[in-house]
1. For region 156-189, give me the residue count where each residue is free of Cβ contacts under 8 Å to residues at least 60 places away in the same chain and not in a loop (DSSP other than H, G, I, E, B).
2. Testing Leu121 on (1) part of a helix (DSSP H, G or I); (2) over 23 Å from Leu17 (Cβ atoms), one condition comes back false. Which one is that?
3. Can you pull out every residue in region 223-266 that is among the small types (Gly, Ala, Ser) and modelled with pLDDT of 95 or more?
4. Look at Ala245 and say whether it is in contact (Cβ under 8 Å) with a residue 24 or more places away in the chain and surrounded by fewer than 20 Cβ atoms within 10 Å (Cβ to Cβ).
5. Across region 190-237, what is the number of residues that are farther than 17 Å from Leu374 by Cβ and assigned to a helix (DSSP H, G or I)?
6. What is the one condition in (1) in the same structural domain as Lys305 (by TED's automatic domain parsing); (2) of a type outside the set (Lys, Arg); (3) out of contact with any Asp or Glu (no Cβ under 6 Å at 6 or more places or on another chain) that Cys234 does not satisfy?
7. Can you tell me which residue in region 248-275 is surrounded by the fewest Cβ atoms within 10 Å (Cβ to Cβ), limited to those that are touching a Phe, Trp or Tyr at 6+ places or on another chain (Cβ under 9 Å) and in a helix (DSSP H, G or I)?
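The values are calculated or read from the model by the stated rules, or taken from the named source; none is laboratory data. As the structure is a computational prediction, the values presented were derived from the model and not from experiment. FYI the Cβ positions are ideal-geometry reconstructions off the backbone, even for glycines, and counts take in every protein chain you see.
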Amino acid sequence: MGKRFWKWEGNIQNGSLVDVFEKNAYMGTGFYNSQSKITVRLISNNANDTFDPSFWRRRVEYAVNYRKTVMPGEDFLCCRLIHGEADQMPGLTVDRYNDILSIQITSLGMELIKDTIYKALLDVLSEMGEKIAGIYERNDIALRQKEGLEEYKGWYKSGEIPAGGSAVTQIRENGISYLVDVENGQKTGFFLDQKYNRAAVARIAKGKRVLDCFCHTGSFGLNAAYGGAERVTCVDVSQTAIDMAKENAARNGLLDKMDFICEDVFDLLTKMAQEKKKSYDFIILDPPAFTKSRKTVKDAERGYKEINLKAMKLLPRGGYLATCSCSHFMTEELFKKTLISAAKDAKVSLRQIEARKQSPDHPILWNVPETDYLKFYIFQVV
């Protein structure tokens, strides 16, 4: 946004709303913060908007009503209600886990008006007949320091908002039950963006021997087992993640058809390749983001190619591969190029079954490239 500022008027305080002009043409209004890498975060391009509680109530209502439409029924109980810039509320993430709202704020402007936002959320949901037991703030993220904000986590306390109890709640996704710990879980407690991609895996898992790599709490493997897989092996380097995956398998009566390995995925795939055993006919690769900046994209490209190449070599002809990248900086074009290169080196062809994105509660705005981050493919390897 810096190139668009041609004149300052008055003494501007960090967190204030400012109007942005380019050659005397009004471009929009946003929150100003001189400490941030993003000097102004736009919230509106309507010069007639008045940024009072009614404005924010409407903004919240638009976001929640959209989720009610695209995440119907049981899915509305466990979804992302507000997705930052995609809902014109930059720096604000609101995830719903049953009766708990887990919220993360990474912009000063949103921090300053959070009382208004939280009240609007509870009012809108209450009017829909949705009960919320409390709001848990997951502001234990280093990004807040770049905005001049402190890191912390805990229940939000206010006279108008109920104080939360247990930070652990149960959710149900695609017919599978999970315990979610909003205090200690990843991000805000759980990875919601792969909900329908997990369902896509379940649809083709019947009768397959499945290897779920980077399984975290086992959600892809659980969906495969629930979908009728013959056997599922979940792998993660974290023993804590493996223990949670086991607990989730037991909770859903799937423990007897699942195995769990605590090991580095790269090392395990290398070992399997050396043994030349094709023990699996369906491999799932859901790695963490290998790059979070443009500077490390080349290293990430090598990492994605390595794991996909090893997986392709381990699969028999006609086997299935589900693979993804959750990094915005690993563009779709670059990820495709990496997969094509891996397939060439593995001397196989990829027959595309599905190309997918994040679930619609994490909407993609075509004019905000950062909202388009998840690439997910299911292939038959031939």
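1. The first filter runs over region 156-189 and keeps only residues free of Cβ contacts under 8 Å to residues at least 60 places away in the same chain, leaving 156-163, 165-166, 168, 174-175, 181, 183-186.
Next cut, not in a loop (DSSP other than H, G, I, E, B) only: 158, 161, 168, 181.
Qualifying residue count for the region: 4.
2. Here Leu121 clears every test but (2).
3. Within region 223-266, Ala224, Ala225, Gly227, Gly228, Ala229, Ala249, Ala250, Gly253 meet the criteria.
4. So Ala245 does not fit the description; no.
5. 8
6. For Cys234, the exception is condition (3).
7. Arg251
A quick yes/no check of all residues on (1) at pLDDT 95 or above; (2) at positive phi; (3) in the same structural domain as Ser158 (by TED's automatic domain parsing); (4) surrounded by 20 or more Cβ atoms within 10 Å (Cβ to Cβ):
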residue	(1), (2), (3), (4)
Arg58	yes, no, yes, no
Thr69	yes, no, yes, no
Met89	yes, no, yes, yes
Leu92	yes, no, yes, yes
Ser102	yes, no, yes, yes
Leu112	yes, no, yes, no
Thr116	yes, no, yes, no
Met128	yes, no, yes, no
Lys131	no, no, yes, no
